[in-house]
Each structure stands twice: as structure tokens, then as C-alpha cells.
Amino acid sequence: MDSKDAPDPNAPGRVLLLTTSHRVAPGLLSWPAWQALGAADAVLCADPGHPQLPYLREAGVAVEQAAPTARELVERCAGGRTVVVVATGEGDPALTDGLARLAGSGRVQMPDLELLPASYDLPGARLLDLVQVMDRIRAECPWSSQQTHKGLAKYGIEEAYELVEAIETGDRDELREELGDVLLQVVFHSRIAEEDPDEPFSIDDVAGGIVSKLIHRHPHVFGDDTAETPDEVRDHWLRTKAAEKQRDSVTDGVPLGQPGLALTAKLASRVRTAGLDAPLPTGDGVGYELLALAVRAEAAGVDPEAALRAAARAYRDVILGVEKGGA
């Protein structure tokens, strides 16, 4: 070997800390990661059960099971060598902290240190964690393992109302938390549904169903139709939905158990959209007065349920003011 090609014994070398996501199938690594693995002088991994190891070895990458200290790793890089450390799921904090201390001491010639993400979480990847956590809770928690769809129904209603409140108050932290609580209800019910002996379905079936529905009802996005305005989008949606449902009445599918003002507004919306001439019933009592008010609000583009909640909160503030003044 020519002397000019010989490695410099004083060169500090290079350490690549290769990280992977457990939410991505093992072996699906980035091209820079495969290049670094193939060119490394040594590839180390402290975890003999690391899910990437079978795929690395299948690709011809020799992996040494080793958990060197920071100083040992620095010594292995001497002479300009490149060492790739396949990080464990915990990220090898003892090693990285040790390297940071050595670098901070100023007494050690440190190799170049580089973090190399070999696989990345895709958007929505944390949903996989939620599914796994829910699966374990369902299997191991004495309370969760006994729950049924009917038993959880009241919590779905409560969480939906709490979400609405977070939206109306504008609290971003609360909004994020309440969205998580609503999402939990979906995942919980889906996990329970897997155990049905006659008609089981899973969270994947739920997600697949809504994906298909969204694509089918958005031909202006996924197909050849066009829609330039929100009204045109709504018309697309209503036509597609009507063809899917084949309903006998505009009232089909309207849940009668929802709050009265919301129920009235939904019925009024169906009547107005269908162009029906359906006069309001007449009768004595506040119920008919509220019915007329709710229909009038819907026609004006006002959600009567939300409007009443806003007024009720204002009333609550008045009550609190009176109580405080009288204290």
C-alpha cells in the first residue's frame, strides 16, 4: 500500500448512531443508512434481539454484539475508522451521555459524531402505539376487560360534549386532550368489536370504511368531478350520500336521542335541503315555541344548540358574579 493511502493513525474517525422507528417494518431503512452500514469498518449493537439484526445480516452486514463504553468506542474509531452503532429502542443514553462528557472534558480527541435516522415515523404512526396500548389494557386491566359497547356509550356522549366545549372555549390544550379522549372511544369500541363471535371487526376495518367513504364522497378530489365552492362540495356530498343510503325519508338517519335543539335544527336542515314544504306543527306550550325558534335559527345559519350553550355560559357568569358579590 502506498504511504499516502495508508490510514492516518492519528485520525479520530467517525461514529454514526443509527436510529430506527419501531413503527416501521424492520429492514425498511433509508438508502443513506444502507450505504453507511455497508461502508462501516464496524457495526455494533448492544441488543441481541434488535428487530433489525436479521435483516442486516441477510443483507450481508456483519453486526457485532457489543455495548462499548464511550471511551472504548472512541478508541475503536482511532485511525480514521468508522463505527456504526445500531441504537436500541431506548436510544443508548449511557453511551451518548458518556460521549458528551468526553467531548466536554476537552482532553480527548473525539471522532466525528453523527445521528443517522434510518427510518422515520410517517404521519399517524403514533396511532399504532394507541392500538397496541389499548390491546394490552383490554387484556390485562380488570375494568377495561369487562366493558361492552353499551357500557361505554355514556362515555362517548360525555367525551363528545367535552370536545365541543373545548372548541367553543378556544382552549388549545383542552382541545388536544379531548380529541384524544374521543379517539380513545373509537379505538376502545373497535377493540371490543374484535371479540364478537358473529360479526367481529377491527380498527383497521373502521379506518378502511371511512377511507372508502371519504374517497367516494369526494369525486372532485379523487375523481374527475370538479367543485369550486363549498356549496358545490356540499351538493356532491349530499348526492353521493343519497345514492348510498337509498333512504325512504329525509328523516332517516337522524338520531332522535340527540338534544332537542340540535334535533330540530337537523330536521329543518334536511327539509330545507330537500326543498320540502313541511309546515311547522302548532300547539300550546314552550316546546312549540322552541321548535319555531330553532327552525328560524337554522334557516339563518345559526346552530341553535351552540347559541343556547353560549347564552347559558353567559348566564353562568352572571350567577357567579351574583354569588361573588353576595359573599
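Listed values, structure above:
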quantity: Degrees separating the helix 260-274 axis from the principal Cα axis of the chain, which is the longest one; calculated: 90 degrees
quantity: Spherically averaged projected area of the range 264-317 from its Cα convex hull (nm²); calculated: 4.1 nm²
quantity: Per-selection metrics, the range 1-94 (Cα): Rg and Dmax in Å; calculated: 14.1, 47
quantity: Reference-scaled alpha-carbon Rg (2.2 N^0.38 Å with N residues) for the range 132-172; calculated: 1.54
quantity: Linear extension gain, R172 paired with D224, 0.36 nm per residue minus alpha-carbon span; calculated: 15.0 nm
quantity: For the range 102-141, diffusion coefficient by Stokes-Einstein and Kirkwood Rh (Cα), 4 °C, 1.567 mPa s, µm²/s; calculated: 91 µm²/s
quantity: Folded to 0 to 90 degrees: helix 149-169 orientation relative to the chain principal axis, Cα; calculated: 90 degrees
quantity: Distance-filtered residues of the range 147-182 - backbone nitrogen under 15 Å, label point 7 angstrom along E323 Cα→Cβ; calculated: none
quantity: Principal axis box of the range 1-159, alpha-carbon based, largest edge first, Å; calculated: 79, 37, 26
quantity: Separation in nanometres of the label points that stand 7 Å from Cα toward Cβ, at E114 and L127; calculated: 3.5 nm
quantity: Estimated 222 nm signal from helices in the chain, with DSSP H stretches of n ≥ 4 weighted -39500 (n - 2.57), rounded to 500; calculated: -17500 deg cm²/dmol
quantity: Average projected area [Cα convex hull, the range 171-327], square nanometres; calculated: 15.7 nm²
quantity: Distance cut-off 24 Å, percentage of C-alpha pairs in the range 71-165 lying past it; calculated: 55 percent
quantity: Cα-Cα separations in the range 217-276 greater than 16 Å, expressed as whole percent; calculated: 54 percent
quantity: Average silhouette area of the chain, convex hull of alpha-carbon atoms, in square nanometres; calculated: 32.1 nm²
quantity: Förster-model FRET efficiency, 51 Å R0, E162 and A62, C-beta, rounded to 0.05; calculated: 0.40
quantity: Stretchable slack from R234 to A25, in nm (0.36 nm times residue separation minus alpha-carbon distance); calculated: 71.3 nm
quantity: At 0.890 mPa s and 25 °C, Stokes diffusion of the range 123-199 via Kirkwood alpha-carbon radius, µm² per second; calculated: 181 µm²/s
quantity: GNM top mover of A314, A193, A297 - the chain, alpha-carbon springs below 10 Å; calculated: A314
quantity: Charge tally in the Cβ shell below 10 Å around Y161, where Lys, Arg are +1 and Asp, Glu are -1, Y161 excluded; calculated: -4
quantity: Solvent-accessible surface ranking, highest first, for T96, T240 at 1.4 angstrom; calculated: T96, T240
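The values are calculated or read from the model by the stated rules, or taken from the named source; none is laboratory data. Everything numeric here is computed off the predicted structure, so don't read it as measured data. All Cβ positions, even for glycine, are placed from backbone atoms using ideal geometry, and neighbour counts span all protein chains on display. What goes into the accessible areas is simple: the full protein's heavy atoms, side chains included, and nothing from ligands, DNA or RNA. Shrake-Rupley method; radii C 1.70, N 1.55, O 1.52, S 1.80 Å.
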